[in-house]
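The next block holds one structure in the form of structure tokens; read it before the comments.
Computed from the coordinates by the stated procedures, all read-outs in this text should not be read as laboratory data. Every value quoted in this text rests on a predicted model; they were computed, and no experiment measured them. Cβ coordinates were reconstructed from backbone atoms using ideal geometry, including for glycine residues, and neighbour counts include every protein chain displayed.
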Ligand code: UTP
């Protein structure tokens, strides 16, 4: 059993129906924010937080993700010939080390909990991170790094955001045991509660540090909200057996699983880039 977090799971088996027709043949996780696919933001965040093994839970129609993290010799040769050293370095640096990536398939998209369960043999007895590519963060310190810096090597942790109003019903929500500064001890969790019944304002967002204990619940294949095998239910059970904490994340999160969140992320990340900022801001000013 290893308590330092060196493995990460990237569940990318979902259908991405909110982005049809774009996602009919293209994986949602390959949609770009400016010029980089969502999944690459997540992989870079994991690598910079110390992750060494990258486990993708894919599904049908997701081979573009495997190709993206593979070497394209033709492209490398072409960029070399044209002296495009920046682009060449970007391509080379974005590739995980040989043997660091593993792929397994979720044969049917039965829910996020089921996707994580599909990685159980690759996880074994290790504590592991989960990153949902849909959520990307703009922050001084990356979301996963904030979590790993606060993680004491026992139990698990989820990233949380305080959500005001009825929007809380779109999330997995914490039932709070007690709070200590940025950390919130979890008593339980509820998936997509009715607004008036939400146990708190703390919503789980797409980063997790999990223990293999969670597979004991997921092994039972119990369906929850939306007739899906929910990670939230598995977390709620695990938090009753081990210490699980929510960590309030500093920075801005973009929910790129929704159209508005995705478009906002493109604008914010473009404005953050020296080569694009002026042009984008000038264009946006024409609307005001
Ligand atoms: P979402 O809940 O956003 O579902 O999944 P989705 O299918 O991707 O998108 P919509 O709602 O139809 O538009 C959150 C993350 O969990 C993964 C998705 O790929 C996404 O990264 N996921 C979801 C799976 O890997 N398998 C599943 O069965 C469900």
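Can you compute the FRET efficiency between residue 17 and residue 167 using 1/(1 + (r/R0)^6), with r the Cβ-Cβ distance and R0 = 25 Å? Round to the nearest 0.05.
The computed FRET efficiency comes out at 0.80.
Kindly provide the Kirkwood hydrodynamic radius of segment 235-284 in Å, to one decimal, from all pairs of distinct alpha carbon atoms.
By the Kirkwood definition, the hydrodynamic radius is 13.8 Å.
I'd like the Kirkwood hydrodynamic radius of segment 106-158, using the inverse of the mean 1/r over distinct C-alpha pairs, in Å. Write down the numbers at each step before the final one.
Values: mean 1/r = 0.0758 Å⁻¹.
It works out to 13.2 Å.
Express as a percent, rounded to the nearest 5, the fraction of DSSP beta bridges in the chain (both residues included) that run antiparallel.
60 percent
What is the Cα centroid distance between segment 215-256 and segment 102-150, reported in whole angstrom?
11 Å
Among 267, 222, what is the fewest-to-most ranking by other Cβ atoms within 10 Å?
Numbers: 267 16, 222 13.
Arranged by neighbour count, lowest to highest, 267, 222 become 222, 267.
Specify the residue with the greatest mean-square fluctuation among 176, 57, 76, computed from a Gaussian network of the chain linking alpha-carbon atoms under 10 Å apart.
Checking each option, the largest mean-square fluctuation is seen for 76.
Note the full-extension length gain between residue 63 and residue 250 as 0.36 nm times their separation in residues minus their Cα-Cα distance, in nm to one decimal.
64.0 nm
Multiplying the sequence separation of residue 35 and residue 179 by 0.36 nm and subtracting their Cα-Cα distance, what value in nm do you get?
Residue separation times 0.36 nm, minus the Cα-Cα distance, leaves 47.9 nm.
Rg and Dmax of the chain, Cα atoms, in Å?
Spelled out, the Cα radius of gyration and Dmax of the chain are 19.2, 62 Å.
Under the √(5λ) rule applied to the eigenvalues of the Cα gyration tensor, what semi-axes describe the equivalent ellipsoid of segment 1-58? Give them in Å, descending.
Working through the eigenvalues yields semi-axes of 26, 14, 6 Å.
Among 248, 97, 187, which one shows the biggest mean-square fluctuation in a GNM of the chain, springs joining Cα atoms closer than 10 Å?
97
Sticking with the crude label model, points 7 Å out along Cα→Cβ, report the distance from residue 216 to residue 6 in nm, one decimal please.
Modelled inter-label distance: 2.5 nm.
So between residue 93 and residue 25, what do we pick up on full extension, going 0.36 nm a residue minus the alpha carbon distance?
Details: separation 68, 0.36 × 68 = 24.48 nm, distance 2.66 nm.
Result: 21.8 nm gained on full extension.
Where is the GNM fluctuation largest for the chain (alpha-carbon springs, 10 angstrom cutoff): 74, 180, 29?
Of the options given, 74 has the highest mean-square fluctuation.
Relative to the longest principal Cα axis of the chain, at what angle does helix 259-271 sit, 0 to 90 degrees, rounded to 10?
Between helix and principal axis, roughly 50 degrees.
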